[in-house]
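Data first, discussion second: the structure below is written as structure tokens.
The values are calculated or read from the model by the stated rules, or taken from the named source; none is laboratory data. All values derive from a computational prediction rather than experimental measurement. So basically every Cβ, Gly included, is an ideal-geometry build from the backbone, and we count neighbours across all protein chains shown. Keep in mind that these areas ignore ligands, DNA and RNA; they rest on the heavy atoms of the full protein, side chains included. Shrake-Rupley method; radii C 1.70, N 1.55, O 1.52, S 1.80 Å.
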Amino acid sequence: MSVQLATANRLSDGIVVFLGYDGEWTRHIDDARIAEREDDIAELIAEAEASQSVVGAYLIEADVRVPEGRARVVTPTTYREQIRAFGPSIHPAFAKKMVPEHFDPRTDVSAVFMNGI
């Protein structure tokens, strides 16, 4: 199911955040408030743009899955937004520590350092 959610950057530190159901901004995309209907989407972006704690609020499209017996999983549909949500497109050992298991690559890539170590 494809839905819309609001994202922005927090003013205090520039971190990517998502608007949650409680009206607060969260770092975790799985906690983001989703909207499907046109009036809900309009309300979501209006609330996001009115916030004084973030900059550059806009809507993104995402897919939502609910694996059996687990919490919902929200994945942005574009690669750009996946990078913003889950971290840089580098090996997970060097990425944000909150990389969800459904985003981890299945390949084993060893780190190579410039100094040869």
- Message: Apply the Karplus curve 6.51 cos²θ - 1.76 cosθ + 1.60, θ = phi - 60°, to the phi angles in region 49-56 and return the couplings in whole Hz, x for Gly and Pro.
- Response: 5, 7, 5, 8, 9, 10, 10, x
- Message: Apply the a/c threshold of 1.5 to the C-alpha gyration tensor of region 1-89 and tell me whether it is rounded, prolate or oblate.
- Response: oblate
- Message: Please report the net charge: other residues with Cβ closer than 12 Å to the Cβ of Ser2, K and R +1, D and E -1.
- Response: -2
- Protein-only accessible surface order, largest first, of Val55, Val64 at 1.4 Å: Val55, Val64
- Which net charge results for the neighbourhood of Gly23, defined as the other residues with beta-carbon distances under 10 angstrom from its beta-carbon, given Lys and Arg at +1 and Asp and Glu at -1? -2
- Query: For Asn9 and Glu38 in the same chain, what is the full-extension length gain: residue separation times 0.36 nm, less their Cα-Cα distance, in nm?
  - Reply: 8.0 nm
- Task: With a cut-off of at most 14 other beta carbons within 10 Å, and DSSP calling the residue loop, which GluC sites (Glu not before Pro) in region 1-93 qualify? Please list them.
- Result: Glu24, Glu36, Glu68
- Report the extension gain between Val66 and His28 in nm, rounded to one decimal, defined as 0.36 nm multiplied by the number of residues separating them, less their alpha carbon distance. 12.1 nm
